[in-house]
Each structure stands twice: as C-alpha cells, then as structure tokens.
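K.L.:
Here it is, the structure, as structure tokens.
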Amino acid sequence: MINSQNISLVVNGEPVSASVPNRTNLVDFLRNQLGLTGSHVGCEHGVCGACTLEVNGSMIRGCLMLAVQADGAEITTVEGFTSRDKAAQLQRSFQKNNALQCGYCTPGMLASALEYVEAGGGADRAAIRQHLSGNYCRCTGYQSIVDAVVDVIEQGAKQ
C-alpha cells in the first residue's frame, strides 16, 4: 500500500491541489502529475542541477525535495520563468551564443543564471562560473554559457 498525502501549492502562478505518494520527489510530481516537463531529472542526487527550480523565491534541486514538503509553497518552473524579462533575455542570449547544445542542462542552467542575474551579479566570469558550478553540462564546456550570461549583464548595464 502506497501512502499518499493531499497537498496544495501554487505552480507558475496557478493553484494546484493533488494527492501524491509520500515518497514522490517534487520534480517527478511536476513532470508526471502536472505535465511540466521543462525541469529535467538527471542524477536524482542533487549533483547535476538539471532539476533546478524555484521554491518560495529560492532556487533548489527538485529531486531533493519531496512533493509533500512543498505543501503550501509557491513553485516556479522553467515554464513559469517566461514572464520575467531577464529570463527572456537569457534565453535569447543562450541561443545567440550557442549555449544550448543538447539542451538537457539548459532549464537548470537558465534557472541558476537567472538567479545570478536577478541578484545583481556582475560580469566577472569567475564569479559566474562559481555560481553555475552546481549545474553540470557535458556539451558546451561552459564558455558559451558564461558568454551568454555576460552578454545579458552587459546589456543591462548599458540601459
């Protein structure tokens, strides 16, 4: 018998109520029960960053949080970032700088980059690399991702 619990939360601005098995992690709940497949499941150990999403204003690893722990929380997935100006700028810059490659890490990388940019992080490449170090990318070598983040920061400085 699988024990379940009823939860209520806000996901990408929409109220959600659901019954979830107690041991379901948050990213699996979002993907499997809500169909929000933008956040990816990579390592399931919180190491790769592919499942990065925002919970109550803080970026977290969705594979390390149980869905029942999110009861009452406000969740924003990569799908929900689209209304934020800096997210749209980052998406365009990732495309322009060829920072997408296979795309598997992209949602988590965008989430972490958005956190950095929205917090007022500077164009210091070492600081950007440090901030993104929790997100694993096998394809790009990070140079193009850092270039994309620097471009957005420099564009903001010109405005």
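Taken together, the values in this text are just the output of simple stated rules run on the coordinates, not laboratory data. Treat the numbers as computed from the prediction; the structure is a model and nothing was measured. Note that each Cβ is placed from the backbone with ideal geometry, even for glycine, and that neighbours are counted across all protein chains shown.
K.L.:
Report, by residue number, each residue of segment 61-105 that is over 14 Å from Ser39 (Cα atoms) and hydroxyl-bearing (Ser, Thr, Tyr).
P.N.:
Those that are over 14 Å from Ser39 (Cα atoms) and hydroxyl-bearing (Ser, Thr, Tyr): Ser83, Ser93.
K.L.:
Given Asn56, Asn25, Asn32, which one is of a type outside the set (Gly, Ala, Ser) and in contact with a Leu (Cβ under 9 Å, 6 or more places away or on another chain)?
P.N.:
Asn25
K.L.:
Still on this structure, I have one more. Checking Val78 against (1) buried (at least 20 other Cβ atoms within 10 Å of the Cβ); (2) over 20 Å from Cys102 (Cβ atoms): exactly one of these is not met. Which one?
P.N.:
Here Val78 meets the rest and fails (2).
K.L.:
Additional query: Please specify each residue of segment 59-82 satisfying the condition of being of a type outside the set (Val, Ile, Thr), assigned to a helix (DSSP H, G or I) and touching a residue at least 40 places away in the same chain (Cβ under 8 Å).
P.N.:
Ala67, Gln69, Ala70, Glu79, Gly80, listed by residue number.
K.L.:
Looking at (1) outside any loop (DSSP other than H, G, I, E, B); (2) over 30 Å from Ile2 (Cα atoms); (3) not basic (Lys, Arg), find the lone condition where Thr140 falls short.
P.N.:
Only one criterion in (1) outside any loop (DSSP other than H, G, I, E, B); (2) over 30 Å from Ile2 (Cα atoms); (3) not basic (Lys, Arg) is unmet by Thr140, namely (1).
K.L.:
In segment 1-58, what residues are charged (D, E, K, R), in a loop (DSSP other than H, G, I, E, B) and without any contact (Cβ under 8 Å) to a residue 40 or more places away in the chain?
P.N.:
Kept after step one, since they are charged (D, E, K, R), are these residues of segment 1-58: 14, 23, 28, 31, 44, 54.
Within this subset, residues satisfying the condition of being in a loop (DSSP other than H, G, I, E, B) are 23, 44.
Correct list: Glu44 only.
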